[in-house]
């Protein structure tokens, strides 16, 4: 028989980050309202965490405790022979619970009807007497309370003082959790520590933690597969143009612009898919995912300056973008196929990086046809950028409001190594222009071939080491 959902109240002072924590734990960016204004949450709202399609944990987002000091004084006038929970119930039956202490009453009423509570604490706050009254009020409800120390990364953190206060009230089990930028493994710590307080629900809570670990691994594999698909897609791009058209500056520029937009749009779709995969909306990324870049998706994968600014490097420190350009008909295997032409700052098509079989080149030469492809430097930039974005999304809480920020890829770090290996492995796609997707794979006129899908799977595995650290 399936166990009932574990009922967890999320409580704490106004603006401690209760709703932010719930957004992150449930991966619901639209739950509640997150604001710097005090008292944003005015009513109790619930949100479920589903495991295998069923509610495993039911959270209750509660209003902030605003006047615990006065309420404690009010409760002191009740029957001293009554237990603390009895005094709380007596208070909830009185008129003050619907008047001056309405917000506190909503919290305490919820506390009496749950299995445990997460006490969210903004550790940047000074440890004032009012917080002691809040802790005593919550303890009066006789329910297990697990303190969640929020914003511990902030320079203004007073974490040691808070730990001392909590321990003084018997709350020795505490969890460090940054709702805007969670620590790796913080969710498991949260449920593991809760299991020490709810021993009868221990197996159920461990099941929740295991499910979340499995879900995270599957999400990462899906991200690598999506990025690998983008890489194969871009590597397969090939456009042919007659020598006459290529010699015409206006037509050549139109070709380059169209191809550039094609790659840009493919990268944008990949980025949108990654955001959706991690439970974020497109609107959550109005700012570019790299700190050095301003504006929406303004990292120009074909601009040497932009790539230098982003610090994207490959091999022994060679800056990607230095050789970006349109290159047509260079020498292959010692056979000259025509004069080289280069246009800096656009799309590269280095022959050594994937021209098709020699027979096709000779045929094109006889027909006086040029071919333009996307060079490895641009492919590397595409992949490294998406990997860094994925890393940033894995560390981002669903209540975060600041810029999505990814660390700059550097020589030798895991993403750049994985990106370089994947680009090398993607070379077979250059001989298969039919592997370029038309945008929607479900349409009857384009279906990915088994060979293409096998290469995507291989490249996805090559990208996994980017996340090992």
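Would you mind ranking 86, 73 so that the residue whose beta carbon has the fewest other beta carbons within 10 Å leads the list? The partial results should precede the final answer.
Numbers: 86 14, 73 11.
So the ranking, lowest neighbour count to highest, is 73, 86.
At 7 Å along Cα-to-Cβ for each site, give me the label-to-label distance between residue 161 and residue 100 in nm.
My value for the distance between the label points is 2.9 nm.
Just want the ordering: 396, 269, from fewest to most Cβ atoms lying within 10 Å of their own Cβ. Numbers along the way, then the final one.
On the way: 396 22, 269 16.
Sorted ascending by nearby Cβ count, the order is 269, 396.
Provide 162, 446 in ascending order of the number of other Cβ atoms located within 10 Å of each residue's Cβ, fewest first. Present the calculation step by step, with values, prior to reporting the outcome.
On the way: 162 22, 446 14.
If I rank by nearby Cβ atoms, fewest first, I get 446, 162.
Quick one: check the C-alpha center-to-center distance for segment 88-115 versus segment 188-234, whole angstrom.
36
Which length gain, in nm to one decimal place, applies between residue 81 and residue 458 when the Cα-Cα distance is subtracted from 0.36 nm times their residue separation?
On the way: separation 377, 0.36 × 377 = 135.72 nm, distance 7.07 nm.
Gain on extension, residue 81 to residue 458, equals 128.6 nm.
Order of 92-100, 3-11 by packing, highest average Cβ count within 10 Å first?
Details: 92-100: 12.4, 3-11: 21.0.
Answer by packing, highest mean first, reads 3-11, 92-100.
Read the figures in this text as sums done on the coordinates, not as results from a lab. None of the values given here were measured: they were computed from a predicted structure. Virtual Cβ from ideal backbone geometry, glycine too; neighbours counted across all protein chains shown.
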